[in-house]
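*Asks:* One structure, pasted below without further comment.
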Amino acid sequence: MKWKLKQSNIIRISVGVLLLIALLAIPFFTPMQKYLSIPNDIVTFNNQSPIEVPGLGSNVQVSASDDNIQAIDSSEFYAEEPGSSELVYDVAGFPIKKVDLSVLDDIRVIPGGQSIGVNLHTQGVLVVGHHQVKGQNGKLSPGEEAEIKVGDVILEINGESIKEMEEVKPIVKEAGENGESLDVTIKRADETMETKLQPIKEDNEYKIGLYIRDSAAGIGTMTFHEPESDKYGALGHVISDMDTKRPIEIHDGTIVESSVNSIEKGNNGTPGEKQARFSTDKNEVGTITKNSPFGIFGELNDSLNQGSSYDEPMPVALSHEVEEGPAKILTVVEDEEVEEFDVEVVSSVPQKFPATKGMVIEITDPELLEATGGIVQGMSGSPIIQNGKIIGAVTHVFVNDPTSGYGVHIEWMLEEAGINVSNEEEQKAG
């Protein structure tokens, strides 16, 4: 009896082990691998390249639930209009898999590559430092005493909006002469607060012990512009104040044409830099209305010197369409001429939500490596092109390897520019 029970337990354990092995082995069978490779949803653009779907073999049929989706063969479809649909996999008439298909409006933009001068005007005036003022009671900083911190933005003084540094001095003088304190409204991150600030007289002048700034300037690279709306995107990353290292909250700004006159090559540990000429008094070619983690955005009011063969609108690629492998970037290394250079997309992460570091790219073009050593400051925003589509923009260099750096996917820049990539609102309305 005991022998029979022991034999029964051995059989039960053996069967369990065999079932476990079979279960673990299933994903390694080719048919199961193909099945698991089928995505749950596919997003693509209208009137662009065919929609490719993984096939499961001749005995599995794929059909579309919408007449606007035309079959080219068993694994390729073509969308005639934007909208939502389903692709259905079936065997002998029995459905085994359904895939949600979203077809977006065709978006085409003109790639940039031009060097641009950037002029930003802050929202209010930015506090970038404190300094001591020598008064009757010794040295102190009135601004620091009022608990105003570096990085704060002064929005109002005594109820008056402050937009430029020149507006501060007469208000301080009047309050000092009247022996009054100042009611100051400041913005710190997302919080607005009030404080009182007492000017101190030093060398016959009333001072508040704060270093302030109301503008910033630099160079970057145009990424794209949409010819019908004149909306554009550039840089691919936020502009931060050089002293506070915090993103600049802008009131407005302008972009002007810029000319590259020299390049300081990058090497390990030290990023290089484009040296460019531009004048803040030069006719502006566009406005800046947004400074975001994905770049600067606004509208062009004049045409940029194209300087390249890429002067016609091009389709864009969503993040899941970007492939590891060869690509091109457009940028300026001398004067105003936009040139095309070889790069390699080392890695790309399909993203369903906005993120700034979607790609890693490596400069492979010998001519560009000779001229710059890799990615340099001022190259941010250079559009990346692959398979005839704009896929993103150069954003950051790796300090310890200037030949490589990050790129941002173009779809997030388009959304920041106000060019809708998704059709979520249309789907809700339907």
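*Asks:* Taking only pairs six or more apart or across chains, which ones have beta-carbon atoms under 7 Å, a first residue in the stretch 173-190 that is without any contact (Cβ under 8 Å) to a residue 60 or more places away in the chain and more than 17 Å from E156 (Cβ to Cβ), and a second residue that is open to solvent by 20 Å² or more (accessible area, probe 1.4 Å) and in a strand (DSSP E or B)?
*Replies:* Short answer, once both residue conditions are applied: K173/Y206; G176/K201; G176/Y206.
*Asks:* Something else about it: Are any residues in the stretch 372-405 assigned to a strand (DSSP E or B), farther than 20 Å from E336 by Cα and open to solvent by 20 Å² or more (accessible area, probe 1.4 Å), and if so, which ones?
*Replies:* Passing the criteria: K389, H396, V397, F398, D401, T403.
*Asks:* Of all residues being within 19 Å of I110 (Cα to Cα) and under 18 Å from the mean Cα position of the chain (by Cα) in the stretch 230-261, which is surrounded by the fewest Cβ atoms within 10 Å (Cβ to Cβ)? Just the residue, please.
*Replies:* K231
*Asks:* Next up: Which count do you get for residues in the stretch 380-397 that are modelled with pLDDT under 95 and among the β-branched types (V, I, T)?
*Replies:* Number satisfying all stated conditions: 1.
*Asks:* Any residue at all in the stretch 270-290 that is crowded, with 17+ Cβ neighbours inside 10 Å, touching a Pro at 6+ places or on another chain (Cβ under 8 Å) and within 16 Å of E370 (Cα to Cα)?
*Replies:* Yes, the conditions are met somewhere in the stretch 270-290.
*Asks:* For the stretch 184-219, what are the residues that are closer than 25 Å to K134 by Cβ, of a type in the set (S, T, Y) and open to solvent by 50 Å² or more (accessible area, probe 1.4 Å)?
*Replies:* Passing the criteria: Y206, Y211.
*Asks:* Restricting to the stretch 316-352, name every residue that is touching a helix residue (DSSP H, G or I) at 6+ places or on another chain (Cβ under 9 Å), part of a strand (DSSP E or B) and among the hydrophobic types (A, V, I, L, M, F, W, C).
*Replies:* Listed by number, the residues that qualify are V316, I329, F341, V343.
*Asks:* Just wondering, is there one or more residues in the stretch 398-407 that are touching a helix residue (DSSP H, G or I) at 6+ places or on another chain (Cβ under 9 Å) and either at pLDDT below 90 or farther than 23 Å from S84 by Cβ (or both)? I'd like the intermediate steps shown before the answer.
*Replies:* Looking only at the stretch 398-407, we keep the residues that are touching a helix residue (DSSP H, G or I) at 6+ places or on another chain (Cβ under 9 Å), and these are 402-403.
Narrowing further to those that are either at pLDDT below 90 or farther than 23 Å from S84 by Cβ (or both): 402-403.
Yes, some residue in the stretch 398-407 is touching a helix residue (DSSP H, G or I) at 6+ places or on another chain (Cβ under 9 Å) and either at pLDDT below 90 or farther than 23 Å from S84 by Cβ (or both).
*Asks:* Okay, moving on. Restricting attention to the stretch 258-278, which residues are outside any strand (DSSP E or B) and of a type outside the set (S, T, Y)? Talk me through it step by step, then tell me what you get.
*Replies:* Narrowing the stretch 258-278 to residues outside any strand (DSSP E or B): 258, 265-266, 268-269, 271, 278.
Residues satisfying the conditions are K265, G266, N268, G269, P271, F278.
Residue by residue, here is whether (1) surrounded by fewer than 17 Cβ atoms within 10 Å (Cβ to Cβ); (2) among the small types (G, A, S); (3) out of contact with any Phe, Trp or Tyr (no Cβ under 7 Å at 6 or more places or on another chain) holds:
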| residue | (1), (2), (3) |
| --- | --- |
| D100 | yes, no, yes |
| D106 | yes, no, no |
| G124 | no, yes, yes |
| P142 | no, no, yes |
| V150 | no, no, yes |
| K163 | yes, no, yes |
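*Asks:* Can you tell me which residues in the stretch 292-315 are open to solvent by less than 70 Å² (accessible area, probe 1.4 Å), assigned to a strand (DSSP E or B) and within 28 Å of H121 (Cβ to Cβ)?
*Replies:* Matches in the stretch 292-315: S292, G295, I296, F297, G298, L300.
*Asks:* M193 versus (1) within 23 Å of N137 (Cβ to Cβ); (2) assigned to a strand (DSSP E or B): which is the lone unmet condition?
*Replies:* (1)
The values are calculated or read from the model by the stated rules, or taken from the named source; none is laboratory data. Predicted, not measured: the structure shown is a model, and the values here were computed from it. For neighbour counting, all protein chains shown are included, and Cβ atoms are generated from backbone atoms with ideal geometry for every residue, glycine included. Remember, those area values only see protein heavy atoms, side chains included, never the ligands or the DNA or RNA. Shrake-Rupley method; radii C 1.70, N 1.55, O 1.52, S 1.80 Å.
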